[in-house]
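As structure tokens, the structure follows; a few thoughts come after it.
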Amino acid sequence: MNMQNKNDSITFEIVQRFGVISEGKGGWNKELNLVSWSGREAKVDIRDWSQDHQKMSKGITLTKEEAKALSALLQQAFP
């Protein structure tokens with residue numbers, strides 16, 4: 001899915017959808033995806049998305065190595 005924000009030159013492509021972390025009000029869901037921003041290498045991405053994936057909130061992007069480190073920390077914190 002390629003999209004471009006009309007207000008700036010940032011484009012994105014959701015390369016892989018891993019799943020919904022939580023469902024929010026108004027149809028927005030917090031999701032874990034692999035996203036390529038402006039044609040760069042895809043990164044692990046956590047943010048809220050509208051149902052049609054046309055709009056998104058601010059979120060966090062992680063390299064695969066950072067995501068692995070976060071996963072290890074979460075497993076340690078919440079065994």
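Laboratory data are not the source of any read-out in this text; all were calculated from the coordinates shown. Computed from a predicted structure; not experimentally measured. Glycine gets a Cβ as well: all are built from the backbone with ideal geometry, and neighbour counts include every protein chain shown.
Summary table
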read-out	value
Close pairs from the stretch 49-68: first aromatic (Phe, Trp, Tyr), partner assigned to a loop (DSSP other than H, G, I, E, B), Cβ under 8 Å, at least 6 apart	Trp49/Trp28; Trp49/Lys55; Trp49/Ser57
Whichever residue in the stretch 36-53 is of a type in the set (A, V, I, L, M) and closer than 16 Å to Leu70 by Cβ and, among such residues, is surrounded by the most Cβ atoms within 10 Å (Cβ to Cβ)	Val44
Residues of the stretch 62-79 classified as surrounded by fewer than 17 Cβ atoms within 10 Å (Cβ to Cβ) and either assigned to a strand (DSSP E or B) or aliphatic (A, V, I, L, M) (or both), total	7
Residue in the stretch 16-29 that is part of a helix (DSSP H, G or I) and on the phi < 0 side of the Ramachandran plot present	yes
Selection within the stretch 42-64 - over 17 Å from Phe18 (Cα atoms) and charged (D, E, K, R)	Lys55, Lys58
